[in-house]
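Please treat every number below as a calculation from the coordinates, not as lab data. Note that the coordinates shown come from a computational prediction; the quantities given were computed from them, not determined experimentally. Don't worry about glycine lacking a Cβ; one is built from the backbone with ideal geometry, like all the others, and counts go over all protein chains shown.
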Amino acid sequence: MSHSVYKEKQYLKVLWITAPLLAAFFIWQFTRGEFSAFAVAMNGRGSWRFPAFFILAIVIQLNFGMMKITVDEQNLRWQFGLLTLPMWKVTFNDIADIEIVDLRWYEGYGIRLTTSGMLYRASGSQALRVVRKNGKSFRLSSTDPQRLLSYIQPRLSK
């Protein structure tokens with residue numbers, strides 16, 4: 001197994017702020033009895049949904065709250081979250097071109113299908129646009145795209 005020469009972690013700050021606030025709001029509403037009418041309307045079957053919501057919120061936050069980019073001698077890898085699923089990898093032999101591009105605010109965060117191909121974004125206003133030899137491209141956000149590019153370019157086959 002090859003050792004990584006570059007590692008970057010990006011945190012999806014919006015998710016780390018909104019998920020705990022949303023959970024706190026629901027806990028506060030639940031302790032005030034605001035959801036008791038909902039549970040009665042569900043004939044008592046609604047009570048399991050609230051713990052399930054909190055577990056789902058925690059899983060989403062842990063799995064999509066952070067993006068890791070790793071460069072080793074042969075591959076560019078990126079993955080979201082502590083659970084490391086999903087994870088993607090592209091070999092340097094498969095890369096035709098790479099450049100730094102600006103991201104637009106309306107393209108959003110997370111894993112997105114855009115008109116420019118897939119976008120993997122956790123933070124930052126710039127990304128690396130990677131064009132594969134099959135013509136498909138994707139973009140990886142980075143807090144320091146110039147540094148990431150400086151680790152990838154020497155490893156590309158010409």
*Does the range 113-158 classify as rounded, prolate or oblate by the C-alpha gyration tensor (a ≥ b ≥ c root eigenvalues; a/c under 1.5 gives rounded; else a/b over b/c gives prolate, otherwise oblate)?*
oblate
*Going by how many other Cβ atoms sit within 10 Å of their own, how do VAL101, VAL71 line up, fewest first?*
VAL101, VAL71
_Give the lysines reachable from LYS68 as a straight Cα distance under 25 Å; neighbours fewer than 8 places away on the same chain don't count._
LYS7, LYS9, LYS13, LYS89, LYS133, LYS136
*Each residue of the range 132-139 in order: what ³J(HN,Hα) in whole Hz does its phi give by Karplus 6.51 cos²θ - 1.76 cosθ + 1.60, θ = phi - 60°, with x for Gly and Pro?*
7, 5, 7, x, 6, 10, 8, 10
*Find out how many positive minus negative residues lie around VAL5, taking Lys and Arg as positive, Asp and Glu as negative, among other residues whose Cβ is under 13 Å from that of VAL5.*
+1
*For TYR120, TYR106, TYR6, what's the fewest-to-most ordering of other Cβ within 10 Å of each Cβ?*
TYR106, TYR6, TYR120
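Fewest first, what order do ILE111, ILE55 take by the number of other Cβ atoms within 10 Å?
The most exposed by this proxy come first: ILE55, ILE111.
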